[in-house]
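Asks: Here it is: the structure, laid out below.
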Amino acid sequence: MTSIPDAKAPADEVVLEAIGLTKHFPVRRRLRDLFSKRHDAVHAVDDVNLTLRRGQVVALVGESGSGKSTVARLLAQLYPRTSGDIRLHGESTKVKAGTAFRRYCARVQMIFQDPFASLNPVHTIRYHLTRALKIHGNAGKTEDDLEQALHGLLERVSLTPPERYLDKFPHELSGGQRQRVAIARALGAEPEALLADEPVSMLDVSIRLGVLNLLRDLKERLNLAILYITHDIASARYFADETMVMYAGRMVEGGDSETVTQSPAHPYTRLLIDSAPDPDRLTGVSEAEGEDRGNGEPPSLIHPPSGCRFHPRCPVAMPRCSVELPVRLEIGDKPGHWAACWLYDKTEAVSR
Amino acid sequence: MSEPVLEIRNLNVGYGLGDQAVRAVRDVNLTLHRGEVLGLAGESGSGKSTLAYGVTRLLPPPGVITGGQVIYHPGNAEPYDVLALSDLQLRRFRWNETAIVFQGAMNSLNPVHKISTQLTDVLKAHDPKMSEHSRNVRAREMLKLVGIAADRMDAYPHQLSGGMRQRVMIGMALILQPQVVIMDEPTTALDVVMQRQILGQLIELRERLGFSVIFITHDLSLLVEFSNRIAIMYGGRIVEEAPAASIYRDALHPYSAGLLGSFPALRGPRRELTGIPGSPPDLKGMPSGCSFHPRCPKAFDPCAGNIPVLGRPGTPDGSSRSVACWLHPTEQPVGL
């Protein structure tokens, strides 16, 4: 059933691209606002640039509320964007509904966080997968074709033997199996890009890796481009080729996963990595809550801080940080490693 | 080791009665010592929350405690069995002696009451003679202790962030200075940054106030860092119990080893990880023998037939730990 165009597609061909992607959610206006010119909005995502390539995993790491799920939904065109551009194979796309949306969906599929909620409890696995196949025209012509396609899908996600799972209802499966069905359903469209929004955070720890390894295996076999959204930076290191860190709606750092996790440049990334549980730090309990650590909480996104959004919490903030928005600056240790932080502004260092 | 404060002996907890009954906690023996943090880890459905609710007798029907004892040592009086307390005694025992911080603090606070009301309510219920002024002073003190400015006293829960709400919950649990605090996945809903702040604070408070903590979570790497001892549950039984460092360096039970191998490391070499194959057991149709054997990479003959007993293993550091696995047969079973 496969017609994945691997022959004509080079390994790191750009599939999906976001350029200056921005999303503001309007805030309900109160009575007194009617007389003012104020239009408040939640600045959920601001100026995000992102490139998904064939056969590569890009991880998007951030706290809850940092806008990482909004990015996924924007890329899946589930939300209309405020500004910026989404390019599929270099072509600007904006779809709302109807056939255009279906065509887009067939190429970009999303996997949701909660497999308990993303499968309909009153339908069997067969129904879920058949629908995905039929809608995207991959069901073939005959009953046999369909049956074969269904088996193929379940085999791909290692739910074998397929007969045992096809006529089950979601409640009869464990969380990991359900998430595998959700992945199979996404594959039913034969997509080029998968947007996985925290695909393992609702699963039991012992089976998380199974699902991650499956996704990696699929990436290699089907040459998929995967966006992996997570709050667990250690799993980003394990699973993703490239890692991007998001804070309060903006990208703050990016580069290949090993570099970002081993030599983080942005103070927020450092805070994130220092905060992650680390069994090797057995004495970590007594370690003082140092003053050089960023504290406090993520800012309000209705009135985000001026300049760098991290500056109120940043241990190394300079006066400049609260005024000027930092741009992407090359760190210089590894190619492609950048951070949006004034610490790395070489011209500034020279003029000082 | 210091004296025990809470001893769980052969505790059995089930859901439902008759044929439908499911045994969620089976023959658990566990001792919490004064001033220590005891971590309880396991997958969902392993019975760790049921154990905590059983110990505090908070289990809602159809949950029933089908056997065992929970001995509480008050420190200055004779130890007594919590499971044998009358309703009135239980009312006095709860919160004064043991407090619990529930999973999902977001939903544990009443949204229509100010946090000051919710904090002083506890004092009003447990110490009716206390004056309103001193109640307020105490509530203020407590908030300060958990790092919330006293001017947030009159805030409603929705005006606080998730982290602050969780701190309020911890403050509420500590307000009567209990000896034992049970925390059921207190930080799962929080970000790593906030999680670290709150746990750091908790450990600091524990050093200052000297209470003991039972810390329930599925995040083993967090436990290794923050707790003194770790007990690992699988299928309703404790399969291994040891000092945190021993578990991390040298886990004896294949399930503990598997759990530890399920976390990608942030530092050190990148290695291929596999997790644990298969899925957690169904409590209704528990496998015979060791309940882990269908998923166990090291399973051999006795595993399918006989249930291994939790006991001291024959390893050099065997006196400080116990394990239930046929790979490490024991001569000294725990609690029998």
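We did not get these values from a lab; they are worked out from the coordinates using the rules stated. Just so it is clear, the structure is predicted and the values come from calculations on it, not from any experiment. Glycine also receives a Cβ, built like all others from the backbone with ideal geometry; neighbour counts cover every protein chain displayed.
Asks: Toward the positive end of the charge dipole of the protein assembly as shown, about the Cα centre and with charges on Cβ (Lys, Arg +1; Asp, Glu -1), which of A:251, A:233, B:98 goes farthest?
Replies: Going by the Cα projections, it comes out as A:251.
Asks: Roughly speaking, what % of Cα-Cα pairs in chain B are separated by over 26 Å, rounded to a whole number?
Replies: 51 percent
Asks: Give me the dipole magnitude in Debye, nearest 20, for region B:110-177 about the Cα centre, with unit charges on the beta carbon: positive for Lys and Arg, negative for Asp and Glu.
Replies: 80 debye
Asks: Which one of A:75, A:35, A:152 has its Cα pushed farthest toward the positive end of the charge dipole of chain A, where Lys and Arg give +1 and Asp and Glu give -1 at the Cβ?
Replies: A:35
Asks: Give the angle, between 0 and 90 degrees and rounded to the nearest 10, that separates the Cα long axis of helix B:162-174 from the longest principal axis of the Cα atoms of chain B.
Replies: 90 degrees
Asks: Now a separate question. Given R₀ = 35 Å, what would the calculated FRET efficiency be for residue A:302 paired with residue B:204, taking r from the Cβ atoms and rounding to 0.05?
Replies: Calculated transfer efficiency: 0.55.
Asks: Greater than 26 Å separation of Cα atoms is the criterion. Which listed pairs, A:68/A:96; A:134/A:219; A:68/B:48; B:114/B:144, meet it?
Replies: A:68/B:48
Asks: Expressed as a rounded percentage, what relative contact order does chain B have, with Cα pairs under 8 Å and six or more residues apart?
Replies: 19 percent
Asks: At a threshold of 8 angstrom on Cα-Cα distance, excluding pairs fewer than six apart, so keeping six or more, what relative contact order does chain A reach in percent?
Replies: Reported as a whole number, the value is 19 percent.
Asks: Amide H of residue B:66 versus every other amide H placed in the peptide plane: which residues, excluding those fewer than 5 positions away on the same chain, fall under 5 Å?
Replies: Counting only residues 5 or more places away or on other chains, the set is B:12, B:13, B:14.
Asks: In addition: Find out how many positive minus negative residues lie around residue B:117, taking Lys and Arg as positive, Asp and Glu as negative, among other residues whose Cβ is under 11 Å from that of residue B:117.
Replies: +1
Asks: Let me spell out the model: positive unit charges on the Cβ of Lys and Arg, negative unit charges on the Cβ of Asp and Glu, origin at the Cα centre of the protein assembly as shown. What dipole size does that give, in debye rounded to 20?
Replies: Once rounded to the nearest 20, the dipole reads 1800 debye.
Asks: Take residue B:315 and residue A:258, extend 7 Å from each Cα along the Cα→Cβ direction, and tell me the distance between the two endpoints in nm.
Replies: Result: 3.2 nm between the two label points.
Asks: Report the local net charge at residue A:249: Lys and Arg +1, Asp and Glu -1, summed over other residues whose C-beta lies under 10 Å from its C-beta.
Replies: Taking every other residue near residue A:249 into account, the sum is +2.
Asks: Given a 10 angstrom Cα cut-off, can you work out which residue in A:23, A:94, A:37 is the most mobile in a GNM of chain A?
Replies: So, out of A:23, A:94, A:37, the one fluctuating most is A:37.
Asks: Same structure again: Which of rounded, prolate, oblate describes region B:119-182, given a ≥ b ≥ c as roots of the alpha-carbon gyration tensor eigenvalues and a/c under 1.5 marking rounded, otherwise prolate only if a/b is larger than b/c?
Replies: oblate
Asks: Measure out, as a whole number of angstrom, how far apart the alpha-carbon centroids of region A:24-103 and region A:313-340 sit.
Replies: First find each Cα centre; the distance between them is then 24 Å.
Asks: As an exercise, use a Förster radius of 45 Å and the Cβ-Cβ distance of residue B:17 and residue A:220 to find the FRET efficiency, rounded to the nearest 0.05. Kindly include the intermediate steps, with their values, before the conclusion.
Replies: On the way: r = 51 Å, r/R0 = 1.14.
After rounding to 0.05, the efficiency reads 0.30.
Asks: How crowded by other chains is B:143-151, given as the mean number of beta carbons from other chains within 10 Å of each beta carbon? Let's see the in-between values first.
Replies: On the way: counts 0, 0, 0, 0, 2, 0, 0, 0, 0.
So the per-residue partner count for this stretch is 0.
Asks: Next question, about the same structure. What is the order of A:310, A:116, fewest Cβ neighbours within 10 Å to most?
Replies: Sorted ascending by nearby Cβ count, the order is A:116, A:310.
Asks: What is the order of B:199, B:85, A:78, fewest Cβ neighbours within 10 Å to most? Display every interim value, and only then the final one.
Replies: Working: B:199 23, B:85 17, A:78 13.
Ordered from fewest to most neighbouring Cβ atoms within 10 Å, B:199, B:85, A:78 come out as A:78, B:85, B:199.
Asks: Highest mean first, what order results for B:228-235, B:296-303, B:112-119 on Cβ atoms within 10 Å?
Replies: Sorting B:228-235, B:296-303, B:112-119 by mean packing, highest first, produces B:228-235, B:112-119, B:296-303.
Asks: Distance between the C-alpha centers of region A:117-178 and region B:69-134? Whole Å please.
Replies: First find each Cα centre; the distance between them is then 50 Å.
Asks: Out of residues 5 or more away from residue B:37 or on other chains, whose amide H comes under 5 Å of its own, with H placed 1.01 Å from N in the peptide plane?
Replies: Amide H neighbours of residue B:37: B:213, B:228, B:229.
Asks: Tell me whether the protein assembly as shown comes out rounded, prolate or oblate; compute the Cα gyration tensor, take square roots of the eigenvalues as a ≥ b ≥ c, and use a/c under 1.5 as the rounded threshold.
Replies: In terms of gyration-tensor shape, oblate.
Asks: Here's a follow-up. Among B:305, B:52, A:316, whose Cα lies farthest out toward the positive end of the dipole of the protein assembly as shown, if unit charges sit on the beta carbon of Lys, Arg (+1) and Asp, Glu (-1)?
Replies: Going by the charge dipole, the pick is A:316.
Asks: What do you get for the angle between helix A:143-156 and the principal long axis of chain A? Use alpha-carbon atoms, 0 to 90 degrees, nearest ten.
Replies: 40 degrees
Asks: Loop sites only, by DSSP: take the GluC sites (Glu not before Pro) in chain B that have at most 14 other C-beta atoms within 10 Å and name the longest stretch containing none of them.
Replies: By the stated rule (loop sites, at most 14 other Cβ atoms within 10 Å), B:1-271.
Asks: Something else now. Provide the packing ranking of A:166-173, A:192-199, B:157-164, B:28-35, i.e. peptides ordered by the mean count of other C-beta atoms within 10 Å per residue, highest first.
Replies: Descending packing order for the listed peptides: A:192-199, B:28-35, B:157-164, A:166-173.
Asks: Identify which of A:41, A:248, A:225 has the largest mean-square fluctuation in a Gaussian network model of chain A, with springs joining Cα atoms closer than 10 Å.
Replies: A:41
Asks: Hey, another quick one. Applying the Karplus parametrisation 6.51 cos²θ - 1.76 cosθ + 1.60 with θ = phi - 60° to the phi angles of region A:232-248, what ³J(HN,Hα) value in whole Hz is obtained for each residue in order, glycine and proline being reported as x?
Replies: These are the phi-based 3J(HN,Hα) values: 9, 5, 5, 6, 5, 5, 5, 10, 9, 7, 10, 10, 10, 10, 10, 9, 6 Hz.
Asks: First select every other residue whose beta carbon is under 12 angstrom from the beta carbon of residue B:183; then total the charges, Lys and Arg +1, Asp and Glu -1. Intermediate values should be presented prior to the final figure.
Replies: On the way: positive: B:48, B:206; negative: B:184, B:185.
Around residue B:183, the charge tally is 0.
Asks: Here's a follow-up. What does the structure give for B:270-277 when I average, per residue, the other chain Cβ atoms found within 10 Å of the residue Cβ?
Replies: 5
Asks: Here's a follow-up. Within 10 Å of each Cβ of B:221-234, how many other protein chain Cβ atoms are there on average?
Replies: Numbers: counts 8, 4, 2, 7, 9, 5, 1, 1, 0, 0, 0, 0, 0, 1.
For this peptide, the per-residue mean of nearby foreign Cβ atoms is 3.
Asks: Another question, then. Skipping prolines and chain starts, which residues have an amide H placed within reach, meaning under 5 Å, of the one on residue B:5, given they are 5 or more residues away or on another chain?
Replies: B:32, B:33, B:34
Asks: Just want the ordering: B:57, A:313, from fewest to most Cβ atoms lying within 10 Å of their own Cβ.
Replies: Placing the least packed residue first, the sequence is B:57, A:313.
Asks: A further question on this structure: Can you give the helix-only mean residue ellipticity at 222 nm for the protein assembly as shown, where every DSSP H stretch with n ≥ 4 adds -39500 (n - 2.57) and the sum goes over all residues, rounded to the nearest 500 deg cm²/dmol?
Replies: -9000 deg cm²/dmol
Asks: Taking a ≥ b ≥ c as the square roots of the eigenvalues of the Cα gyration tensor of region A:74-142, is the shape rounded (a/c under 1.5), prolate (a/b larger than b/c) or oblate?
Replies: The shape class here is oblate.
Asks: Per residue of region A:184-193, what does 6.51 cos²θ - 1.76 cosθ + 1.60 with θ = phi - 60° give for ³J(HN,Hα)? Whole Hz please, x for Gly and Pro, Karplus curve as stated.
Replies: 4, 4, 5, 5, x, 7, 6, x, 9, 10
Asks: Mind listing the phi-derived Karplus ³J(HN,Hα) values for region A:332-339, rounded to whole Hz, using 6.51, -1.76 and 1.60 with θ = phi - 60°, and x for any glycine or proline?
Replies: Karplus values, whole Hz, x for Gly and Pro: x, 7, 9, x, x, 8, 9, 9.
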